[in-house]
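**Q** I am attaching a structure below and will ask some questions about it afterwards.
The values are calculated or read from the model by the stated rules, or taken from the named source; none is laboratory data. Treat the numbers as computed from the prediction; the structure is a model and nothing was measured. As a convention, Cβ positions derive from the backbone with ideal geometry for all residues, glycine included, and neighbour counts pool all protein chains shown.
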Amino acid sequence: MTEGALHHIVVVGGGAAGLELVTKLGNSVGRHKRARITLVDRSRTHIWKPLLHSIAAGSLRRSQHELNYMAQGHWHHFHYRNGEMIGLDRAAKTITLAPTVDDEGREISPESQIGYDTLIVAVGSVTNDFGTPGAKEFAVPLETPEQASRFNRRLVNACVRAQYQETPVRPGQLHVAIIGAGATGTELAAELHHTARAIIAYGLDRIDPERDLRIVLIEAADRVLPALPERISASTKDLLVKLGVEVRIGARVAEVMADGVKLSDGQVIPSELVVWSAGVQAPAFLADIAGLETSRINQLVVRPTLQTTRDDSIFAIGDCAACPRPGFAQNVPPRAQAAHQQSDFMVRQIGHLLAGEPLGEFVYRDFGSLVSLGKYSTVGSLMGSIIGPSFFIEGLFARLMYRSLYKMHEAALHGRGRTLLGLVAPGERPAPIVKLH
């Protein structure tokens, strides 16, 4: 940092953790000219990742929930740079951004470098297909709003195609195979049960939803939601089965094909619509980047201070960080509540850093788990010092708790006043049942 210049804090990744962090830092140290804050992201808008399954199912209008990074930076005192990080020079303290191009392939901005005094990597996670043959070609992941919208278009187009083709609906033509029964997979399966039938009800009378439509949820573990408590898993599976979702547990996928999914035992599940939601890993560009220590799934290994193990000027938060959890064999889990807690912690950490004070150590608190199954139910567990031991919840109370998670995210970005106003604004209208474009 040159003498007299503001300390430059660069945050790479505008997901929940990164965007909440730059917003809070902008409102504090950025607003009062104690530091310069820059957010780098390859997208221009943000959507809370747990909403992606609803966009894919067509039950949520994407435009109602998108936030523009440039506008957010203007109102909250941080700078925004559109670009994808592809390199890091620790000696020069610079990151390299790839060139950006428009939809026609014309260059918008050339390859460039950004200098930093403190770098915070918050690039989240991407789908891990474990090298499964055909997964990249024939399965749609749900990592970005664009991918969620792409699956929704494929679903609608498949229904319209079946309506107007001269031949009967083929086996598997309107089948949806969802690989991975984590939160995303189970929530998508439940929502698709309703929205796919709603699409067909819009005049597609040649399709019989009971005969032609089939949703199959495939999980390699011995139960759905394997990372969550067993009672949540059992309740979720019971509801899915009642809805008519076919649940395959203990089923490993060997290959994804254009017309189906092949399991390791040789069985083929016919399906021309496949979603991959099994497994996560940090983006590939982080693997051994600039000599930093990384995990087997490309996460940056950090100390309890959230500083990387080999460079005190570089921090990592959220899904891309392999953060130790004292007293537990596993690291802090890659979950939204962990990213939110680490974002709040980093605001305090930056305050210590700028004041020349010792840094604190992050302690993760597990507040439980919630899974939304659309209009049908919400199930989960709550835990923490306020309510005592973990207990199971479902129904309306669980649904309100699940909705409050999104409201907490909105409050972090817009303030509590504006978030509360949005709940009672008379002009606010609900999203349509199904998106047909």
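**Q** Here are L204, L192: which of them is of a type outside the set (S, T, N, Q) and buried (at least 19 other Cβ atoms within 10 Å of the Cβ)?
**A** On inspection, the qualifying residue turns out to be L192.
**Q** Any chance segment 94-107 includes a residue that's within 21 Å of the chain's Cα centre (by Cα) and at pLDDT 95 or above?
**A** No, segment 94-107 contains no residue that is within 21 Å of the chain's Cα centre (by Cα) and at pLDDT 95 or above.
**Q** So which residues in segment 141-154 are under 25 Å from D208 (Cα atoms) and surrounded by fewer than 22 Cβ atoms within 10 Å (Cβ to Cβ), if there are any at all?
**A** S149, R150, R153, R154
**Q** I need the full set of residues from segment 224-259 which are of a type in the set (D, E, K, R) and either in contact with a strand residue (DSSP E or B) (Cβ under 7 Å, 6 or more places away or on another chain) or in contact (Cβ under 8 Å) with a residue 60 or more places away in the chain (or both), in order please.
**A** Across segment 224-259, the qualifying residues are R231, K237, E246, R248, R252, E255, D259.
**Q** Give segment 326-344 a look and list any residue that's farther than 13 Å from D366 by Cα and surrounded by 15 or more Cβ atoms within 10 Å (Cβ to Cβ), or say none.
**A** Those that are farther than 13 Å from D366 by Cα and surrounded by 15 or more Cβ atoms within 10 Å (Cβ to Cβ): S343, D344.
**Q** Could you list all residues from segment 82-102 that are farther than 15 Å from I314 by Cβ and surrounded by 19 or more Cβ atoms within 10 Å (Cβ to Cβ)?
**A** Within segment 82-102, G83, L97 qualify.
**Q** A follow-up question, please. It is to be established whether one or more residues within segment 380-397 are under 26 Å from L239 (Cβ atoms), at pLDDT 70 or above and under 23 Å from the mean Cα position of the chain (by Cα).
**A** No, because not a single residue in segment 380-397 is under 26 Å from L239 (Cβ atoms), at pLDDT 70 or above and under 23 Å from the mean Cα position of the chain (by Cα).
**Q** Could you go through segment 106-128 and let me know if any residue there is more than 30 Å from L217 (Cβ to Cβ), without any contact (Cβ under 8 Å) to a residue 24 or more places away in the chain, surrounded by fewer than 22 Cβ atoms within 10 Å (Cβ to Cβ) and small (G, A, S).
**A** no
**Q** I'd like the residue in segment 27-40 that is surrounded by fewer than 23 Cβ atoms within 10 Å (Cβ to Cβ) and of a type outside the set (A, V, I, L, M, F, W, C) and, out of all such residues, is nearest to the chain's Cα centre (by Cα).
**A** Restricting to residues being surrounded by fewer than 23 Cβ atoms within 10 Å (Cβ to Cβ) and of a type outside the set (A, V, I, L, M, F, W, C), the top hit is T38.
**Q** Based on this model, can you work out whether A71 counts as outside any strand (DSSP E or B), farther than 18 Å from R42 by Cβ and of a type in the set (G, A, S)?
**A** no
**Q** Follow-up. Enumerate the strands (runs of 3 or more DSSP E) found wholly within segment 251-304, keeping only those where 3 or more residues are under 11 Å from C320 (Cβ atoms).
**A** Qualifying strands (runs of 3 or more DSSP E): none found.
**Q** What is the number of the single condition among (1) in a loop (DSSP other than H, G, I, E, B); (2) more than 30 Å from P283 (Cα to Cα) that A227 does not meet?
**A** (2)
**Q** To continue, here is another question. Give me the pairs, please: first residue somewhere in segment 318-336 and at pLDDT below 95, second residue anywhere and acidic (D, E) and in a helix (DSSP H, G or I), beta-carbon distance under 7 Å, and either six or more positions apart or on two chains.
**A** P334/D319
**Q** Conditions first: (1) more than 21 Å from L88 (Cβ to Cβ); (2) in contact (Cβ under 8 Å) with a residue 12 or more places away in the chain. A17 passes all but one, so which condition is the exception?
**A** (1)
**Q** Test of understanding: among S43, S59, which residue is touching a residue at least 24 places away in the same chain (Cβ under 8 Å), surrounded by fewer than 19 Cβ atoms within 10 Å (Cβ to Cβ) and in a loop (DSSP other than H, G, I, E, B)?
**A** S43 is the lone residue from the list that is touching a residue at least 24 places away in the same chain (Cβ under 8 Å), surrounded by fewer than 19 Cβ atoms within 10 Å (Cβ to Cβ) and in a loop (DSSP other than H, G, I, E, B).
**Q** When you look at I218, is it at pLDDT 95 or above and in contact with a Gly (Cβ under 6 Å, 6 or more places away or on another chain), yes or no?
**A** Judged against the criteria, I218 is not a match.
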